[in-house]
Amino acid sequence: MITAAFPLHARASRGRLTISWVAMASLAVPALAMASTPAPTVHGLALYGEPALPADFKHFPYVNPDAPKGGSLLRAAIGGSFDSTNPFIVRGTAAADLDQIYDTLLEGNPDETFSSYGLLAEGIRLDPQRRWIEFDLRPEARFHDGEPVEASDVVFSFKTLTEQGQPFYAAYYEDVTGVRALDDDTVRFEFAPDNSRELPLIIGQLPILPEHFWRSRDFSATTLDPLLGSGPYRISEVQPGQRIVYERVEDYWGKDLPVNQGRHNIDELVYDYYRDQTVALEAFKAGSLDMRIESSARQWATAYDFPAAENGFVKQLTIQDGQPSGMQAYVMNLRRDTFKDPRVREAINLAFDFSWLNDNLFYGAYKRTESFFENSPMAADGLPSEEELALLEPFRDQLPAAVFETPLPLEEPEKLRPRLAKALDLLNEAGYVVRDGTMTHVETGKPLSVEVLLYDTQFERVVQPLLRNLARLGVQGDIRIVDVNQYLNRLRSFDYDMIVGSFPQSNNPGNEQREYWTSEYAHEPQSRNLIGLENPAVDSLVETLIRADSRDELNTAAHALDRVLRHGFYVVPQWFLDKTRIAVWDMFDYPQPFPEYNLDLAAWWVDPERAADIRKRQRSR
């Protein structure tokens, strides 16, 4: 499962028409698959076992069901601008937080590792053999224009997103072999044999689009229109490249559902655009923004001593994360000849001095990331277990011997000088020598050079120490800072040497791993295979992980995959913090304790009296 924006519902026939290609696709379901297998109708699903909440639950346990409605929340969107309100397509730069306007079939509970309950769907039937799932839609479900949400909209959404949307959707739902509307109320998804155990739940994360709205529009084109959804918010204002505003839908059809009680409390959500974090921080301190999720350890330690904070009008919250930390790293692009030799990649890893950065720039706030499943039981450790070896042995000839022989975490010199000495030996082995102070390939005569592509100037000071250390080896290094639109265009076409990239993970990794690591997505524009990996062993391990049928099987597959990725030195791991840092003007309340596994800002609300005092103070500044 991916925890991103869209990886988070008996009517007589209304005679609505579907576009012809959806209708034809719906007919392509084998008769055998259509045969009904008895399955109970349930209110929710869990990845393993049963969901924690009973069918008659009133609300998620952590929320305040009596939270007042009202007020506004102003936040910054970093990156400079946006030119589209369609977040699903390859083209354009989408505005922030557009998932607010869409409902999904199911809604996850942030207090459980992976359980989901009915949102658009009021009833769920899962084949005991997990070959199909059916969703009964709620008769009261409506889009914002009053049109009902029907099974044909679900079919349209699935087909449109997997065929015209970003590559993510095709990867995420690859094991769905068919989808059809059984009637206006019921939709059925057919699954491939040996599909992922999480597939029924991630189908529930599908954002549902209105077919009637898109029938006369080009889905693949960028637009700044306020698009139509059925969710708790609608777009109320678009200032291209500057601001987007969402207003709470007063007559939202689902406001009284158990999954929504005590949530979506704030009337207006405003995102103002800033080019970089430094300017956004000053706007927050001036009262032009209400909340910051702080990414800089230095800013967190030093920048919040301004008068409003000292007088108690601004609070700093540190909230424990319940998810794996994943991997943030300098990503090397294997599509470039520079990085094809693993010895070069390992040498670049050795030039990274985390201890110096943590002591001198980060105020000791971080821990070094080692695993692609950091801060979780899925991180590989020591030598491969017997169960891991069973997965790795078929690929022994295609994998480095170190995968089988060298324990994790890797033992590297702590001091920089011996690290650079080892890096120099590796580069010499790879055919490089220093000529006139420049690391040069003996055969081609080409200098070894790397360029780090950035769009945020805040990261420049973090990249410079790595480039300085590489320069000591004779490796030429440079930083290229471009605007966010150019950055995204280059990212989509994989036009970079190195970038700062991330591979977020949940407690239940699944289908999204295909897009991260597999050969199929190495050359797919805008895929998240940022590395350009094309490795049969990795492809196989990803499929094994996806199809794991128990927690033990999933952990074993994750260990093996993690081991292969780490011994490939494809990225330079950076650092992690197992907490979320939030600075906020003190006019908001929130339920405590916080949900265990995911931060849920939708459960926050505005205190009217404190908000009036704060707003008066902000206006007077």
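Listed values, structure above:
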item: Checklist (1) over 26 Å from Q299 (Cβ atoms); (2) crowded, with 19+ Cβ neighbours inside 10 Å applied to R472, failing item; result: (2)
item: Where a residue in region 181-193 is farther than 11 Å from L126 by Cα and its partner, wherever it lies, is of a type in the set (K, R) and part of a strand (DSSP E or B), with Cβ under 6 Å and at least six apart; result: L182/R188
item: Subset of region 421-462 (residues that are closer than 21 Å to R566 by Cβ, among the aliphatic types (A, V, I, L, M) and not in a loop (DSSP other than H, G, I, E, B)); result: A423, L426, L427, V450
item: Members of region 94-113 found to be among the acidic types (D, E), outside any strand (DSSP E or B) and buried (at least 21 other Cβ atoms within 10 Å of the Cβ), listed by number; result: D103, E112
item: Evaluation of S355 against (1) buried (at least 17 other Cβ atoms within 10 Å of the Cβ); (2) closer than 24 Å to E460 by Cβ; (3) of a type in the set (S, T, N, Q) (one fails), failing number; result: (1)
item: Criterion violated by D607 - all others in (1) buried (at least 22 other Cβ atoms within 10 Å of the Cβ); (2) farther than 23 Å from F503 by Cβ; (3) touching an Asp or Glu at 6+ places or on another chain (Cβ under 6 Å) satisfied; result: (1)
item: Hits in region 376-406 (condition: in a loop (DSSP other than H, G, I, E, B) and loosely packed, with under 13 Cβ neighbours inside 10 Å); result: A401
item: Residue that is surrounded by the fewest Cβ atoms within 10 Å (Cβ to Cβ), among those in region 583-597 that are out of contact with any helix residue (DSSP H, G or I) (no Cβ under 7 Å at 6 or more places or on another chain) and within 13 Å of F60 (Cβ to Cβ); result: P593
item: Residue check for A430: assigned by TED's automatic domain parsing to the domain that holds D552, under 23 Å from Y330 (Cα atoms), of a type in the set (G, A, S) and in contact with a His (Cβ under 8 Å, 6 or more places away or on another chain); result: no
item: The listed residue being in the same structural domain as D99 (by TED's automatic domain parsing) and more than 18 Å from the chain's Cα centre (by Cα), out of Y590, Y570, Y597; result: Y590
item: Enumeration of residues in region 519-560 that are over 18 Å from D194 (Cβ atoms) and hydroxyl-bearing (S, T, Y); result: S519, Y521, S527
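The values are calculated or read from the model by the stated rules, or taken from the named source; none is laboratory data. Just so we're clear, the structure is a prediction, and the values are computed from it rather than from any experiment. Every residue, glycine among them, receives a Cβ derived from its backbone with ideal geometry; neighbour counts consider all protein chains shown.
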